[in-house]
Each structure stands twice: as C-alpha cells, then as structure tokens.
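The values are calculated or read from the model by the stated rules, or taken from the named source; none is laboratory data. Keep in mind the model is a prediction, meaning the values are calculated, not measured. Cβ placement follows ideal geometry from the backbone for every residue including glycine, while neighbour counts extend to all protein chains displayed. Areas reflect the complete protein model, heavy atoms only, side chains present, ligands, DNA and RNA absent. Shrake-Rupley method; radii C 1.70, N 1.55, O 1.52, S 1.80 Å.
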Amino acid sequence: MQDYLIRATAYDGRVRAFAVNTKAIVEELRRRHQTTPTATAALGRTATAAVMMGTMLKGQEKLTVQVKGGGPIGQIVVDANAEGEVRGYVDHPDVDLPLNAIGKLDVAGAVGTDGFLYVIKDLGLREPYRGSVPIVSGELGEDFTYYFAKSEQTPSAVALGVLVDVDYTVKAAGGFIIQLLPGLSDDEIAAIERELEQLPPITTLLDRGETLEGILTSLLPDVKVLERREDIRFQCKCSRDRVEQTLISLGTSEMEKLLEEDGQAEIVCHFCNEHYHFSGDDLRAILATMR
C-alpha cells in the first residue's frame, strides 16, 4: 500500500480528523540515515506527525518540529509543508536500546523526558509562529497530544506508530490526529474516548491491511472523508547549487584556507544525508567567481 493521507470530519463537523500511512517515507528516512530500530521509530513517529500537521497549512506555508528530550538520541528535527513534503534527521541515528518493560522499542528512553517539543510555523508573516510544550512521555504520540491541547488550545488525540521488521526495514508506519471542536456534548466526547481506548495500535491495524478510511470509521462511525492525498513524500530541498552558495557565503579568506588545508570539500546534508564533493579544481573555480 502506497503512502497516502486522508482528511475527514465527523459529528456534523464538530470533529476534525487526519490519518496517514507513512511506510515509504519512514523507510526512506531509515535508508538514508541508517537508523537503528529505536531511532527509526522515534524519527518515523515525528515525521508522521509533521506530515499531518503540514497538510493543515496552506499554500507555501511550512513548519519545523524539534524534539529535544535530553535522551541519548539527541534532537529530532523534521520539516514539513502544505505540499505534503517532509524531511528529517536525528542527531544520533546509531543509538539503540533494549526493549522496554512491555517488549516494545524504547522510544521514550531514547528521546528522554527532560526537555521540550517545539513547533515553528512559517506562515508567510514577518515572524514565524513558535509553540513549545514540555515533553510529557517521550513516546511522542502523547507529547503531540499535549502540544495541541496546550499550545493550540485544541483537544486532540494523536496516535503515531512505526513497526520495524526483523531485517530493520519498516514494516508499517502511520498515525492519526482526532481533534475535538466546540459543540460536542460530554456523552459524545466519552463515546470517542471509549473507541480510542479500545483501538489496537495503529501499526497493528496497518500491518494487517486496514485502510485509513476503515480505521477512522471504527473510531467515528459517521466519518466523512473530505480529501485523499497521495502526494505525501520524502523530499529534501538541498542541491549542489545550494551547497555551492553555502561555500560562497564563507567568504574568500575561509575558502582559501579550506583549499590550502584540505584541498577539497565534502558537504553532507543533515536532512537527507546526501554527500556533495568539491574537488580542488571545483573550489578554485568557485573562488574565481568570488574575486
């Protein structure tokens, strides 16, 4: 099943829902960064949340999610935008931990709980919107739930999951965001909460072939799908030309020093792990344009 995202409503528009399958995106992140299973799960959950949040934006708007929990994995950084593009990295992709007490990947242990979840939105205004909340669990689903409630004042339920296969590839990945809007009665909220409590993990459902539409229908019986997007994807904005501009921004003296001491340059993009090699001749040609 290819990656896709659906946007839906229920309860006569008083519930907003997003659900996404991100198996290919998370596998691409794993492949590029050679993450261990625990790091794959942490980065994949963050990317899954970010791609749903990105589709809540419009036009050229974009956002960055930073998870800084103080754990051994370091920070997680993910960019997403309204076009369905997402990219990301984790500081220490080689960190792996023993399974936790219930036999699951110890994402909370890797992420840590001594820090903050940050969301920076570029909405085309003079200053970006910045929201942050303390990390409450490190499992990330609960942390994004807390972010929506405290920073955006929207009661939400966020489920995120990544299932890693025995060969370390991604077997399933996805998530959903259910947002409760004004007008819901206490009984309606209680009914939604009961369904959420009984729902198996999102990756269990995806791994056995459940569709996103079916998952949301099991939670919200009168769900109405408004949009299905199959254009969500991993996409990095880096290029050789952009890296060359970065080298130029160092200035003539730094470029001359780089050429004299190293004779070449190797630039690696944090987000996609692409390597850009500049030989001595390349550096001299760039210097010539700077003089």
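Identify, by number, the condition in (1) open to solvent by 40 Å² or more (accessible area, probe 1.4 Å); (2) among the small types (Gly, Ala, Ser); (3) more than 20 Å from the chain's Cα centre (by Cα) that residue 190 doesn't meet.
(1)
Pick from the range 106-120 the residues that are over 21 Å from residue 37 (Cβ atoms) and in contact with a Pro (Cβ under 7 Å, 6 or more places away or on another chain): which of them is most open to solvent (accessible area, probe 1.4 Å)?
116
Per-residue answers, yes or no, for (1) within 29 Å of residue 217 (Cα to Cα); (2) outside any loop (DSSP other than H, G, I, E, B); (3) touching a residue at least 12 places away in the same chain (Cβ under 8 Å); (4) of a type in the set (A, V, I, L, M, F, W, C):
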| position | (1), (2), (3), (4) |
| --- | --- |
| 6 | yes, yes, yes, yes |
| 16 | yes, yes, yes, no |
| 19 | yes, yes, yes, yes |
| 45 | yes, yes, yes, no |
| 73 | no, no, yes, yes |
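Residue-by-condition table, conditions (1) among the hydrophobic types (A, V, I, L, M, F, W, C); (2) under 30 Å from residue 198 (Cα atoms); (3) without any contact (Cβ under 8 Å) to a residue 60 or more places away in the chain; (4) touching an Asp or Glu at 6+ places or on another chain (Cβ under 6 Å):
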| site | (1), (2), (3), (4) |
| --- | --- |
| 213 | no, yes, no, no |
| 227 | no, yes, no, no |
| 253 | no, no, yes, no |
| 258 | yes, no, yes, no |
| 268 | yes, no, yes, no |
| 278 | yes, no, yes, no |
| 284 | no, no, yes, no |
| 287 | yes, no, yes, no |
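Have a look at 68, 104 and point out the one that is basic (Lys, Arg) and modelled with pLDDT under 95.
Step by step, each of 68, 104 is checked, and only 104 is basic (Lys, Arg) and modelled with pLDDT under 95.
Of all residues in the range 121-170 being touching a Pro at 6+ places or on another chain (Cβ under 7 Å) and over 17 Å from residue 44 (Cβ atoms), which is surrounded by the most Cβ atoms within 10 Å (Cβ to Cβ)?
My answer is 121.
Give, as residue ranges, the strands (runs of 3 or more DSSP E) completely inside the range 75-122 that count at least 1 residues that are hydroxyl-bearing (Ser, Thr, Tyr) and closer than 19 Å to residue 64 by Cβ.
Correct list: 85-90, 116-122.
For the range 176-234, which residues satisfy the criterion of being part of a loop (DSSP other than H, G, I, E, B), out of contact with any helix residue (DSSP H, G or I) (no Cβ under 6 Å at 6 or more places or on another chain) and more than 28 Å from residue 165 (Cα to Cα)?
181, 182, 183, 184, 185, 220, 221, 222
Which residue pairs have Cβ atoms under 9 Å apart, sit 6 or more places apart or on different chains, and have a first residue in the range 183-195 that is within 14 Å of residue 9 (Cβ to Cβ) and a second that is open to solvent by 100 Å² or more (accessible area, probe 1.4 Å)?
Filtered contacts from the range 183-195: 183/12.
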